[in-house]
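Here it is: the structure, laid out below.
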Amino acid sequence: MKKIKSGGLVKNKIGFSRWILNYKEYSKELSDYREDYDKTKLEFENRKEDLEKELESLRKISKAEIDKLNEIIVEKTNIIIRDTDSLNARNKEIQELHKELSDKLLEIDNLKANIKQLNCQKGGLIKEINKLKKANEFLKANRRAPNKEEILAYEKNIKGLLKREKVAKS
């Protein structure tokens, strides 16, 4: 196949001659291509318009959904803030209760120490009471009867005390 240059373009000799000979076929084919092109272009434009409408409706829907979600976010944020404030108040209460508990535990420890000290004193006092009981029993068992002079002195003391009280009251 021989190529020739004409006006800077390379053309095929056989292709050109075929085109001239088969002009009707090529023109029909060209018109078919144009119809297909126009049809495809029209379909494309229609599809483009449909897609633009659909895109616009999706934008509206998405904007509405975004607004709803933003409202939900604001509500949830308010709930979180309120709950956080409530938790902070509870934490303060818990800290105060822990402080009270610590104070009470210290007080309990002090009271236990006091009880221990009193138990030690109690033990000493019980020993002393037991000694006094034994001494009392001994004295009761070995007691002598008062003589006449001791009884008279006792009576005088009582009578003297009674007289002094009457004088003091008057």
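For the chain, build the convex hull from the C-alpha positions and give me its volume per residue in Å³.
Convex hull of Cα atoms, per residue: 489 Å³.
Counting Lys and Arg as +1 and Asp and Glu as -1, what is the net charge of the other residues whose Cβ lies under 14 Å from the Cβ of Asn119?
Its environment carries a net charge of +4.
Evaluate 2.2 N^0.38 Å with N set to the residue count of segment 45-111, then give the Cα radius of gyration divided by it.
The reported ratio for this selection is 2.59.
Continuing with the same structure: At 1.4 Å probe radius, can you tell me the per residue accessible area of segment 16-170 in Å²?
Accessible area per residue, segment 16-170: 100 Å².
Here's a follow-up. From the helices alone, meaning DSSP H stretches of at least four residues, give me the mean residue ellipticity at 222 nm for the chain, per-run term -39500 (n - 2.57), in deg cm²/dmol to the nearest 500.
-33000 deg cm²/dmol
Another question about this same structure. Return the single residue from Lys140, Lys122, Lys148 with maximal mean-square fluctuation; model: Gaussian network over the chain, springs between Cα atoms under 10 Å.
Maximum fluctuation in the GNM of the chain, among the listed residues, is at Lys148.
Which length gain, in nm to one decimal place, applies between Asn130 and Ile66 when the Cα-Cα distance is subtracted from 0.36 nm times their residue separation?
Here the answer is 13.9 nm.
The values are calculated or read from the model by the stated rules, or taken from the named source; none is laboratory data. Predicted model only: the values in this text are computed from it and were never measured. Cβ atoms come from the backbone with ideal geometry, glycine included; neighbour counts cover every protein chain shown. Areas reflect the complete protein model, heavy atoms only, side chains present, ligands, DNA and RNA absent. Shrake-Rupley method; radii C 1.70, N 1.55, O 1.52, S 1.80 Å.
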